[in-house]
Amino acid sequence: MDVSSSPRWSTLLKEERIARNWRQKDLAEQLGTSILTIKRWEQGHQQPSAFYRAKLCSLFEKSPLELGFLEEPSVSEKQTTIPATPADQTAEPEKPAPMTHLRLPPVCSKKGAVLVGLLCLLCLLPLAFGLFMVRAAPSRPVTPPPRVWQSWSQLLNDPLEETRHSRAWQVDTNASDPTDAQCGFSTVSQTYQIQAQGLNYCAYGNSLVNPWVDVAYSADVAIHQGDWGGLIVHLRQGDYYYFGIRIDGSYLFMRHQREGGGQDAVLLSGTASTIVQGRDQWNTLLIVAQASVFQLWMNGQYLATASDGVLHQGTVGVAACVGRSDSSPLTQVWVRHALIWRPK
């Protein structure tokens, strides 16, 4: 489509996304829609509904007028012309210009006035709903859930240092397949390290020894190379839930299943000011799993809660994933100070 013929709102949406260095996929995940829908919006083929207009305004911190969803009235439209009172009261009143698109009932009758009022109300409801969502959303503080793990029994307090660590952590520094994870200890950081191509993990024990349903699991994570690193829970036979952070301050929580060559379902994603951005920066991640409910915490601050009942139990571990901002196909993630709690 010719850019010059695109609606103003489609151009503004694309500019706001690019200004934040977001891909269309990133925006789609934050809004809960598809990449195809984002493309149709930015190409001007389809205007967002009132629901998504409100979410876009809230996400970009812009008003509907600033995003082009409302047109600013021109000077001529702002001026109201008041017709002069005819000198001859018997003269025939001027006939209004015919309406070609919409026929309204005569407003001189009570019934017509009511119908016109109802029609105007229906037209304004989507806009009113959108403005309410934009203004009301930021005013609702997020109340963190109770810190239930603080009353649980602590099973592990592991510094994960090269000279002091639990022997249950997977150690495999000579993987024959280059796509397999190499798990061991870094001579640079003197802490536990996972080195992988693509998305891969290193486990603590196994699901037979640790068939945990309710578990709280915390560790400090630093991304030395690559983009993504984090923690996993309910690991069993290659299936797991992954709570990962990226060097740009974004996070995600997803379900990974090995069936069919690997299937990923993103359950939560977003950005958080509590994440310390950049490489070799330490962040404390915490997952609290209670059956099918998962609380996500970052550096002592509550992020979000997700619900998913596909994977029911398993052990824990660490994971790494190569992103797009690093030219190297290899990811190195350092991990230290692992903590595990279980209900008494």
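The values are calculated or read from the model by the stated rules, or taken from the named source; none is laboratory data. A quick note: this is a predicted structure, and the numbers were derived from the prediction, not measured. All Cβ positions, even for glycine, are placed from backbone atoms using ideal geometry, and neighbour counts span all protein chains on display.
Say whether the condition of being under 20 Å from residue 21 (Cβ atoms) and surrounded by fewer than 16 Cβ atoms within 10 Å (Cβ to Cβ) is met by at least one residue in region 258-265. No: region 258-265 contains no residue that is under 20 Å from residue 21 (Cβ atoms) and surrounded by fewer than 16 Cβ atoms within 10 Å (Cβ to Cβ).
Just so you know, in region 206-238 the residues that are among the charged types (D, E, K, R) and at pLDDT 95 or above include one that is surrounded by the fewest Cβ atoms within 10 Å (Cβ to Cβ), and it is 214.
Residues that are in contact with a His (Cβ under 8 Å, 6 or more places away or on another chain), assigned to a strand (DSSP E or B) and farther than 16 Å from residue 159 by Cβ within region 208-231 comprise just one, 212. Please tell me if residue 255 is crowded, with 16+ Cβ neighbours inside 10 Å, of a type in the set (Lys, Arg) and in contact with a Phe, Trp or Tyr (Cβ under 6 Å, 6 or more places away or on another chain). Yes, satisfied. Within region 21-48, how many residues are at pLDDT 90 or above and in contact with a strand residue (DSSP E or B) (Cβ under 9 Å, 6 or more places away or on another chain)? Residues that pass the stated criteria total 0. Tell me yes or no: at least one residue of region 266-279 is buried (at least 16 other Cβ atoms within 10 Å of the Cβ), under 23 Å from residue 169 (Cα atoms) and out of contact with any helix residue (DSSP H, G or I) (no Cβ under 7 Å at 6 or more places or on another chain). No, the conditions are met nowhere in region 266-279. Of all positions in region 323-330, none carries a residue that is assigned by TED's automatic domain parsing to the domain that holds residue 154 and either surrounded by 18 or more Cβ atoms within 10 Å (Cβ to Cβ) or aromatic (Phe, Trp, Tyr) (or both).
Could you please find all residues in region 188-199 being at pLDDT 85 or above and either part of a loop (DSSP other than H, G, I, E, B) or farther than 14 Å from residue 169 by Cα (or both)? Step through it out loud before you land on a result.
Keep residues of region 188-199 that are at pLDDT 85 or above, which gives 188-195.
Correct list: 188, 189, 190, 195.
Checked against (1) surrounded by fewer than 22 Cβ atoms within 10 Å (Cβ to Cβ); (2) touching a Cys at 6+ places or on another chain (Cβ under 8 Å), residue 244 meets all criteria but (1). Within region 7-48, the set of residues being more than 24 Å from residue 250 (Cβ to Cβ), touching a residue at least 12 places away in the same chain (Cβ under 8 Å) and surrounded by fewer than 17 Cβ atoms within 10 Å (Cβ to Cβ) comprises 7, 8, 11, 43, 45, 47.
Just wondering, is there one or more residues in region 249-272 that are outside any strand (DSSP E or B), among the small types (Gly, Ala, Ser), within 15 Å of the chain's Cα centre (by Cα) and closer than 22 Å to residue 33 by Cα? Step through it out loud before you land on a result.
Step one: list which residues in region 249-272 are outside any strand (DSSP E or B), which gives 249, 258-262, 272.
So of that shortlist, the ones also among the small types (Gly, Ala, Ser) come out as 249, 260-262, 272.
Okay, now just the ones that are also within 15 Å of the chain's Cα centre (by Cα), so 249, 272.
Going one step further and asking which of them are closer than 22 Å to residue 33 by Cα, we end up with 249, 272.
Taking every residue of region 249-272 in turn, at least one turns out to be outside any strand (DSSP E or B), among the small types (Gly, Ala, Ser), within 15 Å of the chain's Cα centre (by Cα) and closer than 22 Å to residue 33 by Cα.
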